[in-house]
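For reference, the structure is listed below as structure tokens.
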Amino acid sequence: NKALLSNGFESRLLRNRILNIRWNLNREFLISANYENAEKVNSSEYFSSRDYHIFSNATEPKLSYQPGNSLRISFSYRYNEKRNSIGSEKEAAFQNKLNLESKYTSVNSGTITGKVSYVKVKYNASQSGFLAYEMLEGFKPGENFIWNLSVQKNLSTYMQLVLNYEGRKLQDSPVVHTGGVQFRAFF
């Protein structure tokens, strides 16, 4: 992707290589694993502070329990390592993320989904700037918590109501709560 801005060209490149493995132990338990190798490059003619070349490796094993058609509970752990090869600081970020997710589905009435995540981040450079946002994925170094709840209610065959709530507690920051409502009509 290359864009002409008022202050020169800015180009971006994203390359992902992903491997997914899935194995059903029995009718109720599923093990899956995901490995991702990525390369993300940004180059700006005018703003050298926006230049980076990030290499990342991430792995995420996941265990899911589904006793029937209506309930699923999943537990996963994700390890992500990112390194920037441009500049003198050689920025590096390491992320450990634990997830617990649950989904309950009723065929006629709707779905309830909830997720809680604990994210521990280590970062060896300044937290301000364009590169830090890319490396930290919006988190702060230290302990971070995020959670969300979504309720989808089928009002009729042609109408659906969705209520969303999300909260996050980043290291040394106050808790942020976000909510939303969607109404969908199918024609």
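Can you list residues whose amide H is under 5 Å from GLY110's amide H, if they're 5+ apart or on another chain and H is modeled 1.01 Å from N?
ASN154
Sort out the exposed loop trypsin sites (Lys or Arg not before Pro) in the chain (DSSP loop, at most 11 other Cβ within 10 Å) and tell me the longest stretch that has none.
On the way: sites that count: ARG27, LYS90.
Longest run free of exposed loop sites: 91-187.
May I ask you to give the percent of accessible area on the chain that is carbon plus sulfur, with a probe radius of 1.4 Å?
Ligands and nucleic acids excluded, carbon and sulfur give 56 percent.
When a/c is below 1.5 the answer is rounded, else prolate if a/b is larger than b/c, else oblate, so apply that to segment 1-124 with a ≥ b ≥ c taken from the square roots of the Cα gyration tensor eigenvalues. Provide the component values of the computation, followed by the final result.
On the way: a/c = 2.81, a/b = 2.18, b/c = 1.29.
Prolate, since a/c reaches 1.5 and a/b exceeds b/c.
I need the per residue convex hull volume for segment 43-187, using only the alpha carbons, in cubic angstrom as a whole number. Display every interim value, and only then the final one.
Numbers: hull volume 22.0 nm³, N = 145.
It is 152 Å³ per residue.
Can you tell me the accessible area per residue over the chain, all protein chains present, probe 1.4 angstrom, in square angstrom?
65 Å²
Divide by every residue of the chain the summed helix terms, -39500 (n - 2.57) for each DSSP H run of at least 4, and state the resulting mean residue ellipticity at 222 nm, rounded to the nearest 500 deg cm²/dmol.
Computed ellipticity for the chain at 222 nm equals -1000 deg cm²/dmol.
Mind checking which of LEU30, LEU100, LEU13 has the largest fluctuation in a GNM of the chain, springs on alpha carbons under 10 Å?
In the Gaussian network model the winner is LEU13.
What's the longest bit of the chain with no exposed GluC sites (Glu not before Pro), using DSSP loop states and at most 12 other Cβ atoms within 10 Å as the test? Don't jump to the answer; show the numbers that get you there.
Values: sites that count: GLU28, GLU89.
Maximal segment without exposed cleavage sites: 90-187.
The values are calculated or read from the model by the stated rules, or taken from the named source; none is laboratory data. A quick note: this is a predicted structure, and the numbers were derived from the prediction, not measured. No Cβ is skipped: glycine too gets one built from the backbone with ideal geometry, and neighbour counts run over all protein chains shown. Accessible surface is based on the protein model in full, side chains and every heavy atom, while ligands, DNA and RNA are left aside. Shrake-Rupley method; radii C 1.70, N 1.55, O 1.52, S 1.80 Å.
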